[in-house]
1. Identify which of 70, 39, 15 has the largest mean-square fluctuation in a Gaussian network model of the chain, with springs joining Cα atoms closer than 10 Å.
2. Counting other C-beta atoms within 10 Å, which of 29, 86, 53 has the fewest, and how do the rest follow?
3. One quarter of the convex hull surface, Cα atoms only: what value does that give for the chain in nm²?
4. Taking the DSSP beta bridges in the chain as the whole, what percent of them are antiparallel, to the nearest 5?
5. Per DSSP H run of at least 4 residues, take -39500 (n - 2.57); add these up for the chain, divide by its residues and hand me the 222 nm value, nearest 500 deg cm²/dmol.
6. Cut-off is 10 Å between beta-carbons; in what order do 57, 75 appear when sorted fewest neighbours first?
7. Under 8 Å for C-alpha pairs, at least 6 residues apart: give me the relative contact order for region 3-154, rounded to a whole percent.
8. Mind checking the angle between helix 139-151 and the chain's longest principal axis? C-alpha axes, 0 to 90 degrees, to the nearest 10.
């Protein structure tokens, strides 16, 4: 299984308290920032190119609240920290018209994260056989995919 055998989706987290059209606009700002941020990273460029040319699916999720005060971060700020802590390639957008508050966080995820039919959750049994199905290319990739599988289900569509 190679990169081109996997389907990708661009996920975005946005605040709950902006209009629906603004959620889409903020998401797109962050996607554009993602394209600017990762042009020289060949692994990300391959995934981004695959998504942009073939898959094109975007999922915008409710990221909760946002706050510029580092002593009282909003949930969106906390989620960004978690994603970065787990080395998930992310991009963000801070809206100048809203006091530079964080208004979108985006990241790519392949089907091993979200396709639970093809890649079901682990149930009691042979862990090595279950892990082999994912065909991880590195220990880092394994950690990232397994983190995102646990992270994403907590969200609802924006």
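Where a number appears in this text, it was derived from the coordinates with a stated rule and is not lab data. Since we're looking at a predicted model, the values are computed, not measured. Glycine gets a Cβ as well: all are built from the backbone with ideal geometry, and neighbour counts include every protein chain shown.
1. Answer for the Gaussian network model of the chain: 70.
2. With the sparsest Cβ surroundings first, the list reads 53, 86, 29.
3. Averaging across all directions leaves 10.1 nm² for the Cα convex hull.
4. That works out to approximately 65 percent antiparallel.
5. So the helix-based figure for the chain works out to -12000 deg cm²/dmol.
6. Taking fewest neighbouring Cβ atoms as first place, the list is 57, 75.
7. Once divided by the residue count of region 3-154, the mean separation gives 30 percent.
8. Taking Cα atoms only, the helix is inclined about 60 degrees.
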